[in-house]
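J.: First the structure, then my questions, so here it is.
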Amino acid sequence: MPKFEREIEIDAPVEKVWQVMTDPTKWPQWFPGIDVMTKVPPVAEGAVFEWTAEDKTGRSAIVKMYPLKRLEIMTQVGDDKDAHVFELRPSGGFLGLSADECKVEYTLDTLMGGGILGNFVAGGNPKDALRVKKAMHLLRKLVESL
């Protein structure tokens, strides 16, 4: 299963980053592959969201939530599933003591089968690597603009 990872630092406290990440109405502004949210239930573990992207309908489910630390989301379009894991940790100041910034690590697991050859081919997929990079850039830009 090919994984794509990216870590960024956002000039905002963890609480503010968490607030944006757990607001599905803001997902179209940064979350990869989501253009419009069509069903937005209250945010909780197990909640299922519906959205559209490029004329396709998809679903997302919050798999796990560890407030202010970790968010795990599963997305699906047709038979294509992706696992999105976001880990947050405070940073900033001398040895991280002021904690006025937030490091976010994003791991996209494409959950692709196909054995060694499938992983080799998908592991070099620049499209997924760029999706991860773009999502983190957009998240930072969104949080820092609020």
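Please treat every number below as a calculation from the coordinates, not as lab data. Worth saying up front: this structure is predicted, and the values here are computed from it rather than measured. All Cβ positions, glycine included, derive from the backbone under ideal geometry; neighbour counts span all protein chains shown.
J.: Take Thr75 and decide whether it is touching a Gly at 6+ places or on another chain (Cβ under 7 Å), farther than 26 Å from Ser145 by Cα and of a type in the set (Val, Ile, Thr).
T.: Details: touching a Gly at 6+ places or on another chain (Cβ under 7 Å): yes; farther than 26 Å from Ser145 by Cα: yes; of a type in the set (Val, Ile, Thr): yes.
Yes.
J.: Across region 2-27, which residue is nearest to Leu108 (Cα to Cα) among those that are more than 11 Å from the chain's Cα centre (by Cα) and loosely packed, with under 15 Cβ neighbours inside 10 Å?
T.: Glu7
J.: Kindly evaluate Glu50 against the criterion of being surrounded by fewer than 15 Cβ atoms within 10 Å (Cβ to Cβ), without any contact (Cβ under 8 Å) to a residue 60 or more places away in the chain and more than 21 Å from Asp11 (Cα to Cα).
T.: On the way: surrounded by fewer than 15 Cβ atoms within 10 Å (Cβ to Cβ): yes; without any contact (Cβ under 8 Å) to a residue 60 or more places away in the chain: yes; more than 21 Å from Asp11 (Cα to Cα): yes.
So Glu50 fits the description; yes.
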